[in-house]
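The block underneath contains the structure these notes are about, expressed in structure tokens.
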Amino acid sequence: MKNTFLRVFLVVLLSNTVVVSIGLTIVQFVQKHNQVSADLLGDIGVQLVAGYEKFGLESLKEEARKAEKRLSGSIYLYQENGRPLLKPLPKNFRDSNNSTTDSPSDSSGDLARVDGRPSADFLHSQFIQVIGANNVQYLLIFKPNPEINSLAPELVIGFSLLGLLVSSGVLAYWLLGPLLKLQRVARLFGQGDMTARVEDKLVRRSDAIGKLSREFNQMAVRIDTLLSSKERLMRDVSHELRTPLARIEVALTIAEDKYGMELQKSYLARIRTELHELDELIGQVLTLSRLEAAALSKQTMDFQRWLEEIVEDVSFESQLKGISVVKTGVNPKTLLGDPLQLRHAIENVLRNACFYAGKGGVIEVSTEEKEDHAFIYIRDNGPGVPEEKLEKIFHAFYRSSEAREANSGGFGVGLTISKRIIRAHKGQIEAKNRPEGGLEVCFKIPLV
């Protein structure tokens, strides 16, 4: 953890240092660009004064224009009595609030001493004293053009904000990027993808994130191994149990035919019934073990025809009990899934609803399509399930004896199988009690 903290600290420090250095470099470059060498200004001043004293005012103005063009600024030249030889300074040159003079003739120190707040022109200008013939003094003032003035405060604030954005972006990319990748892998693993692993790039890191990645991969391997061992054990045990069961049934048949008395035959028949139930339970356990691997054979299905066949089959089985199955709603056109496995999921819930609906009951199968999902609702008018046990009915071998009969001939596996089939299709299944009585089971299955 200390190593990770040090890395984060160094990354933020480095990014801020780089941004601040770039900003200072730009500021220094602009300031240097605005400042003209004092020696150069002195040479230009001497040339202007010499030309003025030798050739007159017109020569001075012509040379001043050439110098202004070369230096990208304005040149002002004053005699020692304060009279401007070129254009006079602006009125607001010295004070940004007010000014009472057009020229620096008030006193010898007025240009360096300003009453009020100095203007940007005054702060950015350069002052050179030039000595002419007969020791006559002149004052040369150079004011750079406004477009190359020093950086404004708004620009400095902009660079500061840019530094914050860059440092925050670097930190978020360096720290949150790997964590988001870990989150995606963990989500895939939690959804049943036992092959999900963290990429080698993160595993090779030497910090806390790399350590977490390696530990996650090790955990995933252990869990995958345990689940595979459990599935293999369930399959092996189930297959091995069916062999002695078959031999027992053969022995029962022989006993009934040759040595069975009437009283013995009734006991033998009971044994046969229990054997059949045990065989059915083993078959369901095998189904559960296969569903753990989510081995699906998906294809595009005609949803309406597929669901109608299921409803017709269950209606035919339940007609002797006087139970009617009613289908309503708008069906999606197609559905991508494993037709056989999805059929098992729907049939398990439908048969369960028919059993608890009782004689003369009505089962409603309603469908709708929204948000790229197919919704299938199966509603019965049975006794329902206590609210605190609604989630448990999808657990393997669980039956709610308080709300529904324990002696149902089932094993509490059907709803578990349905849930795992729907989950393998990246869907959801939920159950809730209806206000008017009975249970409603909702299937939510992605269309693609």
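Only sites in a loop by DSSP and with at most 11 other Cβ atoms within 10 Å count here; which trypsin sites (Lys or Arg not before Pro) in segment 162-212 make the cut?
Numbers: sites: Lys181, Arg184, Arg187, Arg197, Lys201, Arg204, Arg205, Lys211; in loops: Arg197, Arg204, Arg205.
Counting only loop positions with at most 11 other Cβ atoms within 10 Å, the trypsin sites (Lys or Arg not before Pro) in segment 162-212 are Arg204.
With r defined as the distance between the Cβ atoms of Leu123 and Asp39 and R0 fixed at 22 Å, what FRET efficiency is calculated, to the nearest 0.05? The formula returns an efficiency of 0.55 here. When each of the peptides 320-326, 244-250 is scored by the mean number of other C-beta atoms lying within 10 Å of its residues, the order from highest to lowest reads 320-326, 244-250. The alpha carbon centroids of segment 76-92 and segment 316-385 are separated by 100 Å.
Put simply, when 378-384, 267-273, 388-394, 129-135 are sorted by average Cβ atoms within 10 angstrom per residue, most first, you get 378-384, 388-394, 267-273, 129-135.
If R0 is 41 Å, the Cβ-Cβ spacing of Gln191 and Glu274 corresponds to a FRET efficiency of close to 0.60.
Taking Cβ atoms as reference points and 11 Å as the exclusive limit, the residues near Ala374 contribute a net charge of -1, counting Lys and Arg as +1 and Asp and Glu as -1.
Amide H to amide H distances under 5 Å link Thr334 with Phe303, where only residues 5 or more positions off or on other chains count and H is placed in the peptide plane. If a/c stays under 1.5 just call it rounded; otherwise compare a/b with b/c (prolate if a/b is bigger, oblate if not). Do that for segment 307-347, with a ≥ b ≥ c from the square roots of the Cα gyration tensor eigenvalues. Oblate is the answer for segment 307-347, as a/c is 1.5 or above yet b/c matches or exceeds a/b.
Throughout, read-outs are computed from the coordinates displayed, never taken from laboratory work. Source: prediction; values computed, not measured. Ideal geometry is used to build each Cβ from the backbone, glycine not excepted, and the neighbour counts take in all protein chains shown.
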